[in-house]
1. Among the residues of the range 75-93, write down those that are loosely packed, with under 13 Cβ neighbours inside 10 Å and more than 30 Å from LEU231 (Cβ to Cβ).
2. What's the number of the condition ASP74 fails, among (1) in the same structural domain as ASN155 (by the TED database); (2) touching a residue at least 60 places away in the same chain (Cβ under 8 Å); (3) out of contact with any helix residue (DSSP H, G or I) (no Cβ under 9 Å at 6 or more places or on another chain)?
3. Taking the range 193-227, which residues are open to solvent by less than 30 Å² (accessible area, probe 1.4 Å) and over 15 Å from LEU3 (Cβ atoms)?
4. Restrict the check to the range 92-107 and report whether at least one residue is under 20 Å from the mean Cα position of the chain (by Cα) and of a type in the set (Ser, Thr, Tyr).
5. Any idea which of PHE44, PHE24, PHE19, PHE54 is modelled with pLDDT of 95 or more, in contact with a Ser or Thr (Cβ under 8 Å, 6 or more places away or on another chain) and under 26 Å from LEU196 (Cβ atoms)?
6. Suppose we keep only residues that are open to solvent by less than 30 Å² (accessible area, probe 1.4 Å) and in a loop (DSSP other than H, G, I, E, B) within the range 123-158. Which one would you say is nearest to VAL105 (Cα to Cα)?
7. Check LEU70, LEU30 and return the single one that is open to solvent by less than 80 Å² (accessible area, probe 1.4 Å) and either touching a strand residue (DSSP E or B) at 6+ places or on another chain (Cβ under 6 Å) or assigned to a loop (DSSP other than H, G, I, E, B) (or both).
Amino acid sequence: MKLHAIASQDLQYFETSQFITRLFSDIASLNLDLTKDNEMNERFQLLKAQANEFYNALGQIQAMADTKRLEELDLLRDRKLSTIRLCIATFRYREEPEIKEALTVANIILSRYEGLEFLNYEAESKGIRKFLDEWNKEENDYHVQVLGLQLHLSNLSEVADAFDNVFATRSLTVLSKETYDGKMLKSQMLGTYSSLAKYILAMCDFKKDEGFYPPLLDAFNNGRKYYADLLAKRKGVEGKK
């Protein structure tokens, strides 16, 4: 038994809502007494509570005219950050003194701004500005050249500018706090979802209860496969553009 692979963080807000709602529906159809496993049930009830918060935030976010564009730009800037990390990582086994020195500086900067992608919109924007400012210091010019980061940093700067411009002109009918919370609530909810899925997978091996844990695992995998296929199709379409 295994969990079907899915990059759930890549789901858009409304897809995430449908993804979690489908799980609740599939589990309800099993007519299982979830209190049979109190630890699992507590985590499941936490997921339900987090989902309700997310649904409420979604209502606020949906009213915002620029939400879809913001979400696309936020995902894009997250990917630009990941690209910079991956570029730096390719040098980790090089022994040239100038590269080792540049890596030392790069790793210090990366450690200062670890987890930027999981911050709310405003905090991530500020963090990216500081991250770029670090690299733009005169003493880091040579390190940027050695690691070939010029284009990647420029790309991140362009996307960050585009995001900030859209965010600055967002609809005034939505309070900014609710908009920020959407990203954090999504991350927290999917974190709970992931831990619950892994727990059920483990219990399928440990408990060998064919009538309880395997059907729950199937309920998780039904939604995971559907939305993993959706993400794969979207990626394929984007790759052809």
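The values are calculated or read from the model by the stated rules, or taken from the named source; none is laboratory data. Remember, it's a predicted structure, so these values are computed and weren't measured experimentally. Positions of Cβ are backbone-derived with ideal geometry, glycine not excepted, and every protein chain shown enters the neighbour counts. Accessible surface is based on the protein model in full, side chains and every heavy atom, while ligands, DNA and RNA are left aside. Shrake-Rupley method; radii C 1.70, N 1.55, O 1.52, S 1.80 Å.
1. TYR93
2. That leaves (3) as the condition not met.
3. Across the range 193-227, the qualifying residue is only PHE212.
4. No, there is no match, as no residue in the range 92-107 is under 20 Å from the mean Cα position of the chain (by Cα) and of a type in the set (Ser, Thr, Tyr).
5. Being modelled with pLDDT of 95 or more, in contact with a Ser or Thr (Cβ under 8 Å, 6 or more places away or on another chain) and under 26 Å from LEU196 (Cβ atoms) holds for just one of PHE44, PHE24, PHE19, PHE54, which is PHE19.
6. Once the filter is applied, the top-ranked residue is LEU147.
7. Of the residues listed, the single one that is open to solvent by less than 80 Å² (accessible area, probe 1.4 Å) and either touching a strand residue (DSSP E or B) at 6+ places or on another chain (Cβ under 6 Å) or assigned to a loop (DSSP other than H, G, I, E, B) (or both) is LEU30.
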